[in-house]
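*Asks:* Structure in structure tokens, see below.
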Number of protein chains: 2
Amino acid sequence: MSSDVENDRIFKALAASTRRSILDLLKDDPQTTGELCTRFPALDRCTVMQHLKVLEEADLIIVRREGRERWNHLNPLPIKHIHDRWIGPYAAYATEVLDRLKTDLE
Amino acid sequence: MSSDVENDRIFKALAASTRRSILDLLKDDPQTTGELCTRFPALDRCTVMQHLKVLEEADLIIVRREGRERWNHLNPLPIKHIHDRWIGPYAAYATEVLDRLKTDLE
DNA sequence: TTGACATGTTATGTTTTTATAACATAATTG
DNA sequence: CAATTATGTTATAAAAACATAACATGTCAA
């Protein structure tokens with residue numbers, strides 16, 4: 001499925017909260033690099049771009065260039081594979097039930 | 001569901017390949033700390049224990065003490081929540097189909 | 001074609017993480 | 001109870017990641 005090196009890139013990419021926020025912003029709609037930068041006023045533009053590069057190298061975002069713009073899309077597949085690695089087809093149902101039970105109790 | 005701080009602990013915990021391997025070993029059966037140490041002959045015992053501490057603080061493993069032994073169990077819930085964060089109920093099906101398609105093509 | 005806009009590259013200081021060593025406690029077993 | 005086994009704590013050097021600055025390229029529109 002994914003090599004160890006690829007996997008390492010994915011998890012290291014997810015380890016920074018800024019990068020997770022970027023993925024949140026991309027969850028529903030793709031965004032240009034510039035748009036994303038305005039969403040993080042506290043961060044330097046270069047910092048956001050460095051994060052985007054890490055996400056792209058991890059294949060967590062897919063990039064399309066259009067003229068001078070760059071559109072960033074979320075790629076959900078690596079995230080699904082995280083789930084599948086530790087929660088097999090059988091455990092998936094049990095985990096789902098456990099989750100609901102726990103949420104209902106809270 | 002999970003606070004930002006908790007989330008950060010979870011993703012940082014998953015960022016190290018040794019810790020992911022530990023979770024792999026715990027996927028099917030719980031193991032004592034000592035057993036886990038023998039599975040990583042290249043690593044110092046202290047290193048493995050430090051990793052276990054990080055995993056426990058992230059709630060990715062649940063610990064039960066029995067006498068002088070310590071049994072480490074995998075907790076799948078935080079991993080399920082990673083999936084749910086970026087792959088909503090609707091996208092889940094589409095992602096599943098996309099994954100099968102891609103796997104079949106390879 | 002020139003100025004403005006959107007994006008990209010390289011280098012660097014600061015902070016975290018990783019791996020280890022040295023030391024310490026606590027529960028079994030002979 | 002003494003030796004052994006299993007686990008836990010604190011401190012530290014080396015490696016990696018995060019944020020930034022300075023510099024550079026490519027595209028569009030007047």
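*Asks:* Quick check, is B:Ile10 under 19 Å from A:Gly88 (Cα atoms) and under 10 Å from the mean Cα position of the chain (by Cα)?
*Replies:* Spelling it out, it is not the case that B:Ile10 is under 19 Å from A:Gly88 (Cα atoms) and under 10 Å from the mean Cα position of the chain (by Cα).
*Asks:* Right, another one. Considering only residues that are surrounded by 14 or more Cβ atoms within 10 Å (Cβ to Cβ) and away from DNA strand D (no atom under 12 Å from the Cβ), which ones fall in the stretch A:6-26?
*Replies:* Within the stretch A:6-26, A:Glu6, A:Asn7, A:Leu23, A:Leu25, A:Leu26 meet the criteria.
*Asks:* Now a separate question. In the stretch B:39-75, how many residues are surrounded by 17 or more Cβ atoms within 10 Å (Cβ to Cβ) and among the β-branched types (Val, Ile, Thr)?
*Replies:* Qualifying residue count for the region: 3.
Just so you know, all these numbers are worked out from the coordinates, no wet-lab data involved. Remember, predicted model here, so these are calculated numbers, not experimental data. Cβ sites come from the backbone with ideal geometry, for glycine too, and all protein chains shown count toward neighbours.
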